[in-house]
Every structure is written in structure tokens, then in C-alpha cells.
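Every number here is computed from the coordinates shown, using simple stated rules; none is lab data. Note that the coordinates shown come from a computational prediction; the quantities given were computed from them, not determined experimentally. Note that each Cβ is placed from the backbone with ideal geometry, even for glycine, and that neighbours are counted across all protein chains shown.
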Amino acid sequence: MRQLIAGNWKMHMLRAPASELAREVRAGAQGLACDLLVCPPFTAIETAAAALAGSDVAVGGQDCHAKGQGAHTGDVSAAMLRDAGASWVILGHSERRQNHGETDELVREKVLAAVEAGLTPIVCVGETEDQRVGGQETEVVGWQIAGSLPKPFAGVVAYEPVWAIGTGRTATEQDVATMHAFIREELVRQFGEAGQGVRILYGGSMRPANAGALLAVPHVGGGLIGGASLNAEDFLAIARAASRG
Ligand code: PEP
């Protein structure tokens, strides 16, 4: 299966630089043997989608509301993302879980809303530093998978150890191998044969310098990239690493 390289632009990029970055990604994406996705903030989705129209680079949101519409001031529905040009959405990112108190149950409801609107969800799971120090990483991630993914699940899982996000600290290849093998086992245990086909991304300080090694680990189906996705050269270098596999 082709690997997926997804850029999470977080709360960065006004529309003009978003358009420029999207154009640079588009220009460098030709001929790559991986799937490419950029996830701008809400306000730049339409701009990025216009810059990428007719290309193989997809556009996604970074969150959506669990309801289709209603009195939810400041929120955005999955259908609104779709209407703005998105075809994917990141859900349950650790920054949403930590800063907005999102629970596994809420993430599962959002996944259902996303699929209903025609979006492909990327559901993030991962342990905190304390949980890893306490040896609870597999238990925590197993519960997150059980609680956040509806059955059936037609999407992607991203394993993002919280302590590696935006810190410059990357999980070792051994950590990634152990966790991705565990997640695959859990997916198969919880979803049967369908669990074999779910792509499992790694996210957490992935850079051009470490991407080749991380993307070569068994069961790694691509990367979710934060900081390095804000620079086309770095993002495309990671995409080239994914295309070599
Ligand atoms: C992320 O936030 O999903 C992420 C992986 O960020 P970074 O690459 O900056 O660690």
C-alpha cells in the first residue's frame, strides 16, 4: 500500500503564505509514489484547495464538530470542511485531547460525522510521557483505539507519542516498531481482517533526517508531520523518503 504523508499546519499560515506553500508542494509532488495531504487551518482550506485543484495533493481539516449543524458557536461541521474543499480530517489530535478535553467517545462521534460527510478521518492516538515512564503505553493506546474508532472503521490511525510532538524528540525505531506492531494487532483483534488494511502513520518530530528510517519500520504506513510540513522543501524530502519504500 502507498504510504501517506500528511502535513498538519496547525494554527499557522494566513491565506497568502498558505497558497504559496500549497503551490510549492504541488510543484514538487509530481511523480512521487506516496499519497500527499495538507491540513491547513479552517480559514485557509479553501485557498489551499484552490491552489491544489486538479493535482494529486489532497486537503484536510484539523478537527470538526460531532454534529452536522446547530447552535455551536465557533465550531465547524464536517460538511463545512467538505464544502471548503477538504476530503480528509485529523481527529483526536493530542492537542485537541489536552487543550479541549476531547474524550475517546467524542472523537468516535466526530469520526462518524466525518465519514457521514464523505471525509476520510485520521484518528490520532498516543501516550503521554508519564504514561510511557509508567509502562502504560500499550494499555493507553489500546483503550484509545477501542474508544475512538467506530465499527466498521474506514480511515487511518496516527500513532503520535505526545512527548515527541513538537519537541524534537523522536521515538526510536524500536519504540515505533513495538507500538506499530501492537496497534496492528489491536486493529485486527478489534476489527478482524479489515484491521490489516488500516494505514498506521507515525507522527512526532519527523524530519527529512529521520524520515527514511522511521518510514521503513514494519507497519508504518506514512507520517503525520507538524513542524516540518510548514516548509515545502522538508515536507517534500519526507515524501520522497516515503516514495522509496
Ligand atoms: C503533530 O502535531 O501531529 C506532529 C507530528 O508535530 P511535529 O511533527 O511538529 O512533532
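Details
- For the residues L201, L37, L14, a GNM of the chain with alpha-carbon springs under 10 Å puts the largest fluctuation on L14.
- Neighbour net charge for T138 - beta-carbon separation under 13 angstrom, K R +1, D E -1: -3
- Of the residues R97, R189, R82, the one that moves most in a GNM of the chain with alpha-carbon contacts below 10 Å is R189.
- Debye, to nearest 20: dipole size of region 137-245, +1 on Lys, Arg Cβ, -1 on Asp, Glu Cβ: 240 debye
- Rounded if a/c under 1.5, otherwise prolate or oblate - region 22-178, Cα gyration tensor axes: oblate
- Cβ charges +1 (Lys, Arg) and -1 (Asp, Glu), total dipole of the chain, debye: 500 debye
- Value of relative contact order over region 166-245, rounded to a whole percent, pairs C-alpha under 8 Å and six or more apart: 31 percent
- Over all other residues within a Cβ to Cβ distance under 12 Å of M1, the charged ones net out to +1, with Lys and Arg as +1 and Asp and Glu as -1.
- Annotation: amide H of A158 within the under-5 Å range of V123, C124, V125, L201, sequence separation 5 or more or interchain, hydrogens built in the peptide plane.
- Zone of A216's modelled label, taken as backbone nitrogen in region 156-176 under 14 Å from a point 7 Å along Cα→Cβ: 173-174
- One decimal place: the segment R23-E129 gains 34.5 nm when fully extended, by the rule 0.36 nm per residue minus the C-alpha distance.
- Take every pair of alpha-carbon atoms less than 8 Å apart whose residues are at least six positions apart; their mean separation over the length of region 67-205 yields a relative contact order of 22 percent.
- Region 62-206 - charge dipole about Cα centre, Lys and Arg +1 at Cβ, Asp and Glu -1, debye rounded to 20: 340 debye
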